[in-house]
Amino acid sequence: MIDPAPNDIHMGPWAPRNVPWVEMTGYFCGALVVAALGTWWVLKRGGSIGLDEPDTRRKLHGKAIPRLGGAPIFLAVGLASLVAGYIGGLGWSRWLPVAICNALIFSVGFVDDLKPLGARVKLIGQIGTALILYALGVSIDMLSNPFGEGAVELGWWSLPLTLIWLVSIPNIVNLIDGMDGLAGGFGLFLCLTLAIIGHHGYQPDVVVVALAMAGALGGFLVFNLPPAKIFLGDGGAYLIGFFIASVSLFTSNKGSVIGALLVIIIALGVPILDTLFAIIRRGMRGLPIFQADAEHIHHRLILLGYSKGRALAVLYTVCLILSVAGLSILLTKGIALPVAGTFFFLLALWAARYLGYVKSWSTLRAQLDAVMEKRRQREFFRAYGRVLDFEVERCEDLEAFCQQLRHGLTRMKLNAGFQTNHHAEALRLPCGRLCMLYRPQDKTEAAEWQVRLDVFIPALERCLEKWGALPDFLEQSSNPPIST
């Protein structure tokens, strides 16, 4: 891995000048103040738009909280970039593709925060934005040797690898945005890491934009640390992830992947592990990969008795250690890569055991068998849910459907009325109506029963659409019931 010389980078009429550290500090502080003021304004004037309503499962905050935190971050970074480009004397024309595509990816998430678009629409928007950036010339064209000279031309592989890089990181950041201050804090550490990479590569423009984003995230975190008054939302999470992915490509010389991208991969160790655990967990259980659950790393730490503040401090510390480990790869010209890779692998094994994803290595086979049995039970419920959905179309009246629903509940060992040794579970329909079902008291976790019971929602929703009413034997309420 060869560091580019200062006079070999960004030559031409738009070459960036050297920027004093005092001025760079100004960009950081300016973005911090703008983001903090903008977040305060959203909290005061945001009203009822973009609110994240609590539920009885994953979202346990006490009241509705705005999820428009990405807007003041976007505003702060945009203003800092304009100041640096037109007043600071930096050549920003080459950053136009990155600016356009970061605005596009933020827009996709921000619209979803206002009105849910669905996972498929958002994925199309992410891929489309990545394709635009690739078409505008920002891509991974070659893989350089991290231990010395030489590189491999990617050819047609450049397109899929660039798309994977630009799409995966925003989704990884969004996946960990489930606890106050987590995604924003990780983004701040990663942006500071990018600034160090830019300084190491003699790229003052990279340092400026990275510090601007770090400052904006710092201003937002004033209101996002536990207990959070505002959330990032998909707009903020996508913006952070795409910013890191796109700017990290600019830290590579002439489109080649050098130590900079390896640094980012190692620094993203916690969210990458969380994503891998989620994919494995949901795949084994037969759940959609993008279906949210309450078993992320931060959820597990809370279950282990950590407070939100302590869990956040632990995750920040791990992120900081991994960032330093990643930077060691760059500073040692690849010599530290085997050590960093081994550390990451051992961290994954330790985390799987400590967090309870693996209860015991000696009983791993039995644990896998139990998971597969739960998957078979869930598939049975899912199949019966589809049957009930079809029954709504086949039945001539509500009474006929009620008979089919009672039969289905019996087959699934459920009751619509209170029974001893049973637990009450609430089903919230999209219209806001709540229905009560009673499940047997067994060793199955409550979260697993919630997943199983969700299969009734489509049929009950269609029942409302067709007959304007629900079966009268289902206990209904406008407020969440209390489990018995």
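The values are calculated or read from the model by the stated rules, or taken from the named source; none is laboratory data. All values reported here derive from a predicted model rather than from experimental measurement. Backbone-built Cβ (ideal geometry, glycine too); neighbour counts: all protein chains shown.
Results, tabulated for the structure shown:
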quantity	calculated
Filter result (assigned to a helix (DSSP H, G or I), modelled with pLDDT under 90 and either surrounded by 13 or more Cβ atoms within 10 Å (Cβ to Cβ) or in contact with a helix residue (DSSP H, G or I) (Cβ under 7 Å, 6 or more places away or on another chain) (or both)) within segment 116-160	Ala119, Trp157, Ser158
All positions within segment 425-460 that are exposed (fewer than 15 other Cβ atoms within 10 Å of the Cβ) and either among the basic types (Lys, Arg) or more than 27 Å from the chain's Cα centre (by Cα) (or both)	Pro440, Gln441, Asp442, Lys443, Thr444
Residue tally, condition in contact with a Phe, Trp or Tyr (Cβ under 8 Å, 6 or more places away or on another chain) and part of a strand (DSSP E or B), over segment 411-434	6
Segment 213-241: number of residues that are within 26 Å of Thr25 (Cβ to Cβ) and small (Gly, Ala, Ser)	7
Only listed residue being outside the structural domain of Leu192 (by TED's automatic domain parsing), surrounded by 15 or more Cβ atoms within 10 Å (Cβ to Cβ) and in contact with a Lys or Arg (Cβ under 8 Å, 6 or more places away or on another chain), chosen from Leu347, Leu312, Leu355, Leu337	Leu355
Of the criteria (1) closer than 29 Å to Pro338 by Cβ; (2) over 17 Å from the mean Cα position of the chain (by Cα); (3) assigned to a helix (DSSP H, G or I), which one Val222 fails	(1)
Lys443 being out of contact with any Lys or Arg (no Cβ under 7 Å at 6 or more places or on another chain), at positive phi, assigned to a loop (DSSP other than H, G, I, E, B) and without any contact (Cβ under 8 Å) to a residue 40 or more places away in the chain	no
Qualifying residues in segment 401-420 (those that are in contact with a Pro (Cβ under 9 Å, 6 or more places away or on another chain) and among the charged types (D, E, K, R)) - the one farthest from Cys463 (Cα to Cα)	Lys413
Qualifying residue in segment 386-400 (condition: touching a helix residue (DSSP H, G or I) at 6+ places or on another chain (Cβ under 8 Å), in a helix (DSSP H, G or I), of a type in the set (Val, Ile, Thr) and closer than 27 Å to Gly283 by Cβ)	yes
Among the candidates Ile289, Ile279, residue that is over 12 Å from the mean Cα position of the chain (by Cα) and not in a helix (DSSP H, G or I)	Ile289
So Thr342, is it surrounded by 20 or more Cβ atoms within 10 Å (Cβ to Cβ) and of a type in the set (Ser, Thr, Tyr)	no
In segment 87-106, residue surrounded by the fewest Cβ atoms within 10 Å (Cβ to Cβ) [restricted to those that are among the β-branched types (Val, Ile, Thr) and modelled with pLDDT under 95]	Ile87
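Residue by residue, here is whether (1) acidic (Asp, Glu); (2) more than 17 Å from Val206 (Cβ to Cβ); (3) modelled with pLDDT of 85 or more holds:
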site	(1), (2), (3)
Gly50	no, yes, no
Glu53	yes, yes, no
Leu68	no, yes, yes
Ala71	no, yes, yes
Phe74	no, yes, yes
Gly85	no, no, no
Val108	no, yes, yes
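Results for (1) surrounded by 17 or more Cβ atoms within 10 Å (Cβ to Cβ); (2) farther than 30 Å from Ala119 by Cα; (3) at pLDDT 80 or above; (4) touching a Leu at 6+ places or on another chain (Cβ under 8 Å), shown as yes or no for each residue.
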site	(1), (2), (3), (4)
Gly286	no, no, no, no
Asp293	yes, no, no, yes
Lys308	yes, no, yes, no
Leu327	yes, yes, yes, no
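A quick yes/no check of all residues on (1) of a type outside the set (Val, Ile, Thr); (2) in contact with an Asp or Glu (Cβ under 9 Å, 6 or more places away or on another chain); (3) under 30 Å from Arg378 (Cα atoms):
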position: Phe243; (1), (2), (3): yes, no, no
position: Thr251; (1), (2), (3): no, no, no
position: Leu261; (1), (2), (3): yes, no, no
position: Leu268; (1), (2), (3): yes, no, no
position: Pro271; (1), (2), (3): yes, no, yes
position: His296; (1), (2), (3): yes, yes, yes
position: Ile329; (1), (2), (3): no, no, no
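Let's see how each residue does on (1) under 15 Å from Gly187 (Cβ atoms); (2) buried (at least 23 other Cβ atoms within 10 Å of the Cβ); (3) aliphatic (A, V, I, L, M); (4) modelled with pLDDT under 90:
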residue	(1), (2), (3), (4)
Met213	yes, yes, yes, no
Phe220	yes, yes, no, no
Pro226	no, no, no, yes
Tyr238	yes, yes, no, no
Phe243	yes, yes, no, no
Ser246	yes, yes, no, no
Ser252	no, no, no, yes
Ala260	no, yes, yes, yes
Leu268	yes, yes, yes, yes
